There are 2 protein chains.
Amino acid sequence: MTAETAKTWETSREEFVAQWGALGSNWGINRTMAQIHALLMTAPEPMYTDEIMLRLHISRGNANTNLRELSGWGLIRLVVKKGERREYFEAEKDVWKMFIIIAKERKRRELDPALDVLKGCAEQTRGETAGAGRDFHRQMKELQEFVEFGMKVSDTVAGMKHASALQWAIKLLG
Amino acid sequence: MTAETAKTWETSREEFVAQWGALGSNWGINRTMAQIHALLMTAPEPMYTDEIMLRLHISRGNANTNLRELSGWGLIRLVVKKGERREYFEAEKDVWKMFIIIAKERKRRELDPALDVLKGCAEQTRGETAGAGRDFHRQMKELQEFVEFGMKVSDTVAGMKHASALQWAIKLLG
DNA sequence: TCTTATTTTCAGATAGTTCTGAAAGTTTGA
DNA sequence: TCAAACTTTCAGAACTATCTGAAAATAAGA
């Protein structure tokens, strides 16, 4: 029975890992990284590099690079078992924490550099007081303000505990 | 004077187009598409294919493909000028409308398929009542609920007028 | 210090994406 | 119905991202 049950969920898990990897592409995250994350997120115990290589049929270099990358995001952490030399990895499993980590990282990668560009362009055309030049300046300014505003909302939400975020959202939706 | 002024803002615009294109990559949008969008967003008048090809130094095929793609997103629209045969394009310039369009599209591309996977995995392991199988089921369920919740929030916000969204956000931030 | 287990790096290979340019298709007006 | 103006398509080229595998680096115990 235990064996059968185990087989059932492991099958589902394999599918999850495979599909999540495919989805990674849509998300701008590379397939292997997404697969490793899915694998660790559903791992009952921390795993080490060779296990991961074996499960996903990937090379050592690939596994290592993407494990580093995931650590960099803060989505997985290194675990050392006493008496053992090799490094194990485990994923953050709390959905809200995961969300906050991803939101922050995306903000840093997507919004911050965009804001710099907008600020620069708005600044350079501050003197435009008529015609197309003014319109351009206005557009840059509007975009800049919108992005800044979005960042503030995102920071506020990211600073919340799960419970109070729920609270807040229920009010919004109700 | 007019010529000088024009030169100034056009320089800034060129930079905006170039940089926005580079940013597109981070955003999972291809460079050309982002550049065309930036160009049209800052165009005083609708533009046609050959103008765009010339400004961005891209081929006809490339221009055409990406113009179609942008129309598909709803970020630009086709304009016909009476008495003229060729098609002109103009971009949606309202920041809030742009945001809603992008949010909807990203939801469709990123969230909808993810939700399907999660539902499938949660469904398949509904019978798991103990041990690792149950944990897996719980994890899928949690993720599913979180994504559904996020979608609801996103729908609600997307349904708002700019003014009431601001209203709401000020309350959140204040 | 030496040996062995483990991790990291990176040049070249592979796979995936985007772009070009020319040919085919479409529309319009004479 | 024809020709000109314009748009679409798509095979192959160019470019980019990712992966492999083996060698180099590192760390720990004997």
Q.
So B:Lys82 passes all but one of these: (1) of a type in the set (D, E, K, R); (2) within 13 Å of DNA strand D (Cβ to nearest atom); (3) at pLDDT below 95. Which condition number does it fail?
A. (2)
(Q) Looking only at the stretch B:84-106, filter to residues that are over 26 Å from A:Asn26 (Cα atoms) and in contact with a Leu (Cβ under 7 Å, 6 or more places away or on another chain); which one of those is farthest from the other protein chains (Cβ to nearest Cβ)? (A) B:Glu87
**Q.** Selection within the stretch B:20-33 - more than 18 Å from A:Arg106 (Cα to Cα) and touching a residue at least 12 places away in the same chain (Cβ under 8 Å)
**A.** B:Thr32, B:Met33
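Part of a loop (DSSP other than H, G, I, E, B) and in contact with a Gly (Cβ under 6 Å, 6 or more places away or on another chain) - does that describe any residue in the stretch B:21-38?
The first filter runs over the stretch B:21-38 and keeps only residues part of a loop (DSSP other than H, G, I, E, B), leaving B:27-30.
If we keep only those that are in contact with a Gly (Cβ under 6 Å, 6 or more places away or on another chain) as well, we get B:28.
Checked the stretch B:21-38: at least one residue is part of a loop (DSSP other than H, G, I, E, B) and in contact with a Gly (Cβ under 6 Å, 6 or more places away or on another chain).
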Q. In the stretch A:39-58, what residues are closer than 22 Å to A:Ile102 by Cα and in a loop (DSSP other than H, G, I, E, B)?
A. A:Thr42, A:Ala43, A:Pro46
Q: Given the conditions (1) farther than 20 Å from B:Gln19 by Cβ; (2) surrounded by 11 or more Cβ atoms within 10 Å (Cβ to Cβ); (3) basic (Lys, Arg), report the number of the one that B:Arg55 does not fulfil.
A: (1)
Q.
Taking the criterion of being away from DNA strand C (no atom under 16 Å from the Cβ) and exposed (fewer than 15 other Cβ atoms within 10 Å of the Cβ), would at least one residue in the stretch A:35-47 satisfy it?
A. yes
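Name the single residue that is nearest to DNA strand C (Cβ to nearest atom) among those in the stretch A:59-92 being assigned to a loop (DSSP other than H, G, I, E, B) and surrounded by 16 or more Cβ atoms within 10 Å (Cβ to Cβ). Before the answer, list the steps.
Going through the stretch A:59-92, the residues assigned to a loop (DSSP other than H, G, I, E, B) turn out to be A:59, A:74-75, A:81-86, A:92.
Still in the list and also surrounded by 16 or more Cβ atoms within 10 Å (Cβ to Cβ): A:75, A:92.
On the way: A:Leu75: 16, A:Glu92: 19 Å.
The extreme case among them is A:Leu75.
May I ask you to verify whether B:Thr8 is β-branched (Val, Ile, Thr) and either facing chain A (nearest Cβ under 10 Å) or closer than 19 Å to A:Leu111 by Cβ (or both)? Outline the logic, then answer.
Values: β-branched (Val, Ile, Thr): yes; either facing chain A (nearest Cβ under 10 Å) or closer than 19 Å to A:Leu111 by Cβ (or both): yes.
In short, yes.
Please note which helices (runs of 4 or more DSSP H) are completely contained in the stretch B:107-174 and include at least 2 residues that are touching a Leu at 6+ places or on another chain (Cβ under 6 Å).
Details: elements: B:112-124, B:131-158, B:162-173.
Helices (runs of 4 or more DSSP H) meeting the threshold: B:112-124, B:131-158.
The values are calculated or read from the model by the stated rules, or taken from the named source; none is laboratory data. Every value quoted in this text rests on a predicted model; they were computed, and no experiment measured them. Neighbour counts are summed over all protein chains in view; Cβ atoms, including those assigned to glycine, are modelled from backbone coordinates with ideal geometry.
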